[in-house]
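Worksheet for the structure shown next.
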Amino acid sequence: MNVVLPFFAVLALILAGYVGVKVLDLKFLFGVLLPYAAIAVFIGGFVYRIVRWAKSPVPFRIPTTCGQQKSLDWIESDRLDNPHDTKGVIARMALEILFFRSLFRNTKTEIKDGPKVVYGPNLWLWAAALAFHYSFLTIFVRHLRFFTEPVPMLVGLLNEADGFFQVGVPPVMVTSLVILGALGFLLLRRLFTPQIRYISLAADYFPLFLIIGIAGTGVLLRHFVRTDIVGVKELAMGLVSFKPAIPQGVHWLFYVHLLLVTTLIAYFPWSKLMHMGGVFLSPTRNLANNNRMVRHVNPWNGPVKVHTYEEYEDDFREKMKAAGLPVDKE
Amino acid sequence: MYDAGKIMTGLVVFLVILTLPFWYSGAMGKGGARPEVKLPEGEKKCVESKEYMRDSHMDLLNQWRDAVVREGKHTYVSEGGARHEMSLTNSCMKCHADRAQFCDRCHVYLSLNPFCWDCHLDRKQTGQGAK
């Protein structure tokens, strides 16, 4: 059920795009109104989610520590796995965000003959995740050629580099193949590993099917179902310059591609995909372990009414003196 | 809010980069209007239909190249039965003589850099006529 529903949801979206554009001719709705609405939802939702997270109290440092803490000078501390200053935290976060270091440390547990429990590295998920994310980033950036005029040199160079092997005309992009391979692995892993399948929810499958749909329609549009690519850029430029126009002669499959992307954009802030922003706000990663070096006062401690000894003595000085008790102040 | 300064700075930077398409072209002073290609004056009909040529001319040129270079065939018969020499320089550029006015208009607009010109020469540039 967790697999079936998202699968048919994405199929329904594809069908909706086909029917909406090919049969009902709602090009303005699918080409202009929905994309604008999705972008508004994305920006509003993204800001909302980040602000909500930022409002969470962080009274104490709770980094996961996987190495020696900074203590005496002659004990070497692990600056990456137990950072005690901002420099260490930045290095740790950079490795996490750019290279998914915590996923790299993923291990598998197996029972071997003996019986013995054996732990080993499990790098397939890390490799596929890295391949997927960097392909997606490259594809996102090279699509800027449809949204900018003149096209920035960097975007042009990225397109050239991606099509470096010059297979076919237009050249097959390396990232097209890599992203589909990686997505395939990430999907099959959920379907065929019993433990992963057990914990996989509809919210895990939906983004996978959606992005497979986006990549699939994208590859189709580039290599098999040719359309008026100048018209596509005309539509995109109309959107970003707030002078929306619907060009003639653009294939319905393009509108399906666009509808799937629109769905992804609108769905993004409300889903697990928000790890894009959330990774920066992980308190177990982005805090320096200076719990013993710096005094952390719980910021929501209320003012406590205290009665010091000096005040006590002021109150009872005469009586204390009469009883022969010693006093600090005469 | 904790670390509000850092988080808000990050959020603003993210949104500015993300909305790049909305301000970039305006800042560069270009409207992004559909490029106009200069169509040949004498000839009204291309090798195939206008739509096919617009969407899939690269397929055709690729087929031509393979046919000429690998199989030694030089004549193309179009859907309508017309015969053409399979040659970019001698057939296509007989009518579309000016690369800058025709090919490059859309290719530059879309940041495409087809490898035709790695081997083929642009007559206008070299100042030589077709053989």
**Request:** Take the range A:18-41 and flag every residue that is buried (at least 19 other Cβ atoms within 10 Å of the Cβ) and either touching an Asp or Glu at 6+ places or on another chain (Cβ under 7 Å) or more than 16 Å from residue A:236 (Cα to Cα) (or both).
**Result:** A:20, A:21
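For the range B:50-127, please list each of the helices (runs of 4 or more DSSP H) lying entirely inside it that holds at least 2 residues being within 14 Å of chain A (Cβ to nearest Cβ).
Details: elements: B:50-71, B:103-109, B:116-119, B:123-126.
Of the helices (runs of 4 or more DSSP H) lying wholly inside the range B:50-127, those with at least 2 residues that are within 14 Å of chain A (Cβ to nearest Cβ) span B:50-71, B:103-109, B:116-119.
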**Item:** Matching residues in the range A:161-190 - criterion: being surrounded by 14 or more Cβ atoms within 10 Å (Cβ to Cβ) and within 10 Å of another protein chain (Cβ to nearest Cβ)
**Value:** A:163, A:169, A:170, A:171
**Message:** Which numbered condition in (1) surrounded by 13 or more Cβ atoms within 10 Å (Cβ to Cβ); (2) over 25 Å from residue A:221 (Cα atoms); (3) not polar (S, T, N, Q) is the only one that residue B:27 fails?
**Reply:** (1)
**Message:** Can you tell me how many residues within the range A:198-235 are farther than 18 Å from residue A:143 by Cβ and under 22 Å from the mean Cα position of the chain (by Cα)?
**Reply:** 11
**Asked** buried (at least 19 other Cβ atoms within 10 Å of the Cβ) and on the phi < 0 side of the Ramachandran plot: does that describe residue A:199?
**Response** no
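Conditions tested, residue by residue: (1) modelled with pLDDT of 95 or more; (2) farther than 30 Å from residue A:94 by Cα.
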position	(1), (2)
A:261	yes, no
A:269	yes, no
A:280	no, no
A:283	no, no
A:286	no, no
A:311	no, yes
A:319	no, yes
A:326	no, yes
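Going by the conditions given, is residue A:217 of a type in the set (S, T, N, Q), within 14 Å of chain B (Cβ to nearest Cβ) and surrounded by 15 or more Cβ atoms within 10 Å (Cβ to Cβ)? Before you say what the answer is, go through the steps one by one.
On the way: of a type in the set (S, T, N, Q): yes; within 14 Å of chain B (Cβ to nearest Cβ): no; surrounded by 15 or more Cβ atoms within 10 Å (Cβ to Cβ): yes.
The answer is no for residue A:217.
Taking the conditions exactly as written (in contact with a helix residue (DSSP H, G or I) (Cβ under 7 Å, 6 or more places away or on another chain), surrounded by fewer than 12 Cβ atoms within 10 Å (Cβ to Cβ) and either modelled with pLDDT of 85 or more or more than 9 Å from chain A (Cβ to nearest Cβ) (or both)), does residue B:130 satisfy them or not?
Values: in contact with a helix residue (DSSP H, G or I) (Cβ under 7 Å, 6 or more places away or on another chain): yes; surrounded by fewer than 12 Cβ atoms within 10 Å (Cβ to Cβ): yes; either modelled with pLDDT of 85 or more or more than 9 Å from chain A (Cβ to nearest Cβ) (or both): yes.
Yes: the conditions hold for residue B:130.
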**Message:** Can you pull out every residue in the range A:103-139 that is of a type in the set (Gly, Ala, Ser) and modelled with pLDDT under 90?
**Reply:** A:114, A:120
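Of these, A:38, A:16, which one is part of a helix (DSSP H, G or I), within 23 Å of the chain's Cα centre (by Cα) and small (Gly, Ala, Ser)?
Numbers: A:16 fails: within 23 Å of the chain's Cα centre (by Cα).
Exactly one of A:38, A:16 is part of a helix (DSSP H, G or I), within 23 Å of the chain's Cα centre (by Cα) and small (Gly, Ala, Ser), namely A:38.
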**Message:** Go through the range A:221-257 and report how many residues are among the β-branched types (Val, Ile, Thr) and out of contact with any Gly (no Cβ under 7 Å at 6 or more places or on another chain).
**Reply:** 6
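Is the range A:269-276 home to any residue that is in a loop (DSSP other than H, G, I, E, B) and more than 10 Å from every other protein chain (Cβ to nearest Cβ)?
Within the range A:269-276, the subset in a loop (DSSP other than H, G, I, E, B) is A:271.
Then drop every residue that is not more than 10 Å from every other protein chain (Cβ to nearest Cβ), which leaves A:271.
For the range A:269-276, residues in a loop (DSSP other than H, G, I, E, B) and more than 10 Å from every other protein chain (Cβ to nearest Cβ): present.
The values are calculated or read from the model by the stated rules, or taken from the named source; none is laboratory data. Source: prediction; values computed, not measured. Counting neighbours? That spans all protein chains shown, and the Cβs are built from the backbone with ideal geometry, glycine included.
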